[in-house]
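S.K.: There's a structure below that I have some questions on.
The values are calculated or read from the model by the stated rules, or taken from the named source; none is laboratory data. This structure is a prediction, so every number in the text was calculated from the model and none was measured. All Cβ positions, even for glycine, are placed from backbone atoms using ideal geometry, and neighbour counts span all protein chains on display. These area figures cover heavy atoms from the full protein model, side chains too; ligands, DNA and RNA do not enter into them. Shrake-Rupley method; radii C 1.70, N 1.55, O 1.52, S 1.80 Å.
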Amino acid sequence: MIAIIDYDAGNIKSVEKALMSLSKDAIITRDKNKIMSADHVILPGVGNFADAMEKLSKYELVPVIDEVCKKGTPFLGICLGLQLMFESSEEAPGVKGLSILKGNVVKIPEGEYKKIPHMGWNDLTLKGDGRLFKDINDNPYVYFVHSYYLKAEDESIVKATTNYNVLIHASVEKDNIFACQYHPEKSSDVGLKMLKNFVEIK
């Protein structure tokens with residue numbers, strides 16, 4: 001069973017629908033016992049960093065997420081979910097993230113031709129042997145919607161990058177912990193393949 005963490009953030013239902021299309025059992029929940037007993041856990045979301053951290057605290061999900069990650073359950077953050085997994089964001093000065101991984105989220109710089117937010121399809125440059133990208137060809141196109149991007153402290157965890165006015169750490173992996181800035185659930189067949197790869201990780 002796959003637990004999708006419910007903290008009143010947007011885009012949760014689309015993740016559930018994507019998993020259902022893969023014939024996977026998924027529940028949207030904020031119940032600690034259900035999250036802790038899940039085989040895989042996903043933290044999706046779109047929205048504001050500070051609001052999201054406030055809601056995770058309100059629903060007492062911060063220690064649950066920490067416990068899940070320490071337990072070794074495969075854990076995937078998507079979009080805002082990725083950003084929350086790191087230490088801080090320029091979107092919310094002074095607000096501490098989950099700090100599961102080291103690094104910070106900063107605003108995408110303005111570019112001569114590329115507007116902010118970064119919204120639409122962009123290709124990935126794959127690095128190393130990221131398990132989300134098993135049997136996926138180089139330079140897959142995926143769908144992004146964001147104005148802030150990750151700068152991971154340890155670049156060895158970065159498994160995919162993209163360029164949009166700046167080099168963006170688009171996907172990371174460390175042990176049982178995975179995260180992607182783009183939306184695999186909105187990235188057509190290649191995104192579904194990435195979700196399938198995740199839920200098949202033991």
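S.K.: Take the alpha-carbon centre of the stretch 5-64, take the same for the stretch 144-180, and report the distance between them in whole Å.
M.R.: 20 Å
S.K.: Right, something else. With every protein chain left in place, what is the accessible area per residue of the chain in square angstrom, probe 1.4 Å? Display every interim value, and only then the final one.
M.R.: Values: 9380 Å² over 202 residues.
Per residue, the chain has 46 Å² of solvent-accessible surface.
S.K.: How fast does the stretch 17-57 diffuse by Stokes-Einstein, in µm²/s, taking the Kirkwood radius from C-alpha pairs at 10 °C and 1.306 mPa s? The partial results should precede the final answer.
M.R.: Details: Rh = 12.1 Å.
The estimated diffusion coefficient comes to 132 µm²/s.
S.K.: Averaged over all directions, how much area does the convex hull of the C-alpha atoms of the stretch 91-191 cover when projected, in nm²?
M.R.: Average projection, Cα convex hull of the stretch 91-191: 6.7 nm².
S.K.: Now, a different point. Based on DSSP H runs of at least 4 residues, each adding -39500 (n - 2.57), what is the mean residue ellipticity at 222 nm of the chain after dividing by all its residues, to the nearest 500 deg cm²/dmol?
M.R.: Details: 6 runs with 53 residues, N = 202.
For the chain, the value works out to -7500 deg cm²/dmol.
S.K.: Of the cross-linked pairs 55/193; 24/127; 13/34; 159/196; 32/159, which ones have a Cα-Cα span greater than 24 Å in the structure shown?
M.R.: Values: 55/193 30 Å; 24/127 28 Å; 13/34 18 Å; 159/196 17 Å; 32/159 30 Å.
Table pairs above 24 Å Cα-Cα are 55/193; 24/127; 32/159.
S.K.: Quick check: from the Cα gyration tensor, does the stretch 55-135 come out rounded (a/c under 1.5), prolate or oblate? Provide the component values of the computation, followed by the final result.
M.R.: On the way: a/c = 2.44, a/b = 1.25, b/c = 1.96.
Note, shape of the stretch 55-135 comes out oblate.
S.K.: Also, I was wondering about something else. May I ask you to list the aspartates and glutamates whose Cα is less than 12 Å away from that of residue 107, ignoring any residue fewer than eight positions away on the same chain?
M.R.: 90, 91
S.K.: Then there's this: Quantify, in whole percent, the carbon and sulfur part of the accessible surface of the chain (1.4 Å probe; protein heavy atoms only).
M.R.: Values: 4350 of 9380 Å².
Of the solvent-accessible surface of the chain, carbon and sulfur hold 46 percent.
S.K.: What is the packing order of peptides 140-148, 128-136, 76-84, taking the mean over residues of other C-beta atoms within 10 Å and listing the highest first?
M.R.: Numbers: 140-148: 18.9, 128-136: 15.3, 76-84: 26.7.
So the peptides 140-148, 128-136, 76-84, ranked by packing, come out 76-84, 140-148, 128-136.
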